[in-house]
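Novice: Handing you this structure, nothing more for now.
The values are calculated or read from the model by the stated rules, or taken from the named source; none is laboratory data. Owing to the predicted nature of the structure, the values given are computational and were not obtained by experimental measurement. Here the Cβ positions follow ideal geometry from the backbone for every residue, glycine too, while neighbour counts run over all protein chains shown.
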Amino acid sequence: MPSVSYWLMKSEPDVFSIRDLEKKKTSSWDGVRNYQARNLMRDEMKVGDVVLFYHSSVSPPGVAGIARVCRQAHPDPTAWDPKSPYHDPKSTRQAPRWFMVDVEFVEKFPQLVPLPLLRETKGLENMVLLNRSRLSVQPVTRREFDIIVRMGRG
C-alpha cells in the first residue's frame, strides 16, 4: 500500500476558499508561481495525499479544512493565457514551466484554526508554516497534521 504524504496549501479565501472547493467538489490548484512550490507539486505530490487547506491574507489566517490530491501534477494552462494574471510568456505547451495538481474536498472545519493558536501549540514548533515560510505549498508531518485536525474538529 503506497504511503500518504501530508501538505499545507495556502489560498486567499476571496480568491478561492474551502467553501468554494466544497461547492465545486474538485478543483485544479492553478496559479502557483514559485519554483519550490511547483517542484513539490510536480515531483512529490501524489494522488491520495492529504492537504490542510489554509486561508491566507485574512485576519487571522488559519487552517480551514482538509482536501485530498485527486490528480497528479499536470501543466498549468493559465501560464499560456495572456489574459490570465498567471500568464508566463516563457512557458509553452511544448515546454511547460508551471504545473498544478487537482484537489477534492474532504472536510470543512467548524471553525478556522488560527495561526496564533498554531504558534502556541505544542508539537507544531518545527512546522514549516511557523518558521516564516511564505511558500504556498509546503510539507506537513503526520504528527502536525493529526494535531491540527484534532484542533479543527474541536
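Novice: Among the residues of segment 109-135 satisfying the criterion of being among the basic types (Lys, Arg) and either more than 14 Å from MET151 (Cβ to Cβ) or touching a Gly at 6+ places or on another chain (Cβ under 9 Å) (or both), which is modelled with the highest pLDDT?
Specialist: Only one residue fits best here, namely ARG134.
Novice: Is one or more of the residues making up segment 89-101 in contact (Cβ under 8 Å) with a residue 40 or more places away in the chain and touching a Cys at 6+ places or on another chain (Cβ under 9 Å)?
Specialist: yes
Novice: Also, I was wondering about something else. Could you run through segment 87-108 and say how many residues are under 17 Å from ASP146 (Cβ atoms) and charged (D, E, K, R)?
Specialist: 1
Novice: Working only within segment 110-152, note down all residues that are surrounded by 18 or more Cβ atoms within 10 Å (Cβ to Cβ) and assigned to a loop (DSSP other than H, G, I, E, B).
Specialist: LEU124, MET127, SER136
Novice: Separate question: Looking only at segment 69-86, count every residue that is out of contact with any Ser or Thr (no Cβ under 7 Å at 6 or more places or on another chain) and in a loop (DSSP other than H, G, I, E, B) and tell me the total.
Specialist: The number of residues fulfilling the criteria is 5.
Novice: Would you pick out the residues in segment 3-56 that are of a type in the set (Gly, Ala, Ser), farther than 19 Å from LEU115 by Cβ and part of a loop (DSSP other than H, G, I, E, B)?
Specialist: Those that are of a type in the set (Gly, Ala, Ser), farther than 19 Å from LEU115 by Cβ and part of a loop (DSSP other than H, G, I, E, B): SER3, SER5, GLY31, GLY48.
Novice: If only one of ASP76, ASP14 is over 14 Å from the mean Cα position of the chain (by Cα), free of Cβ contacts under 8 Å to residues at least 60 places away in the same chain and surrounded by 13 or more Cβ atoms within 10 Å (Cβ to Cβ), which one is it?
Specialist: Within the list ASP76, ASP14, the selection yields ASP76.
Novice: Regarding segment 20-38, can at least one residue be identified that is touching a residue at least 40 places away in the same chain (Cβ under 8 Å), in contact with an Asp or Glu (Cβ under 6 Å, 6 or more places away or on another chain), farther than 25 Å from ARG97 by Cβ and not acidic (Asp, Glu)?
Specialist: no
Novice: Can you give me the number of residues within segment 92-107 that are in a strand (DSSP E or B) and surrounded by 18 or more Cβ atoms within 10 Å (Cβ to Cβ)?
Specialist: Number of matching residues: 6.
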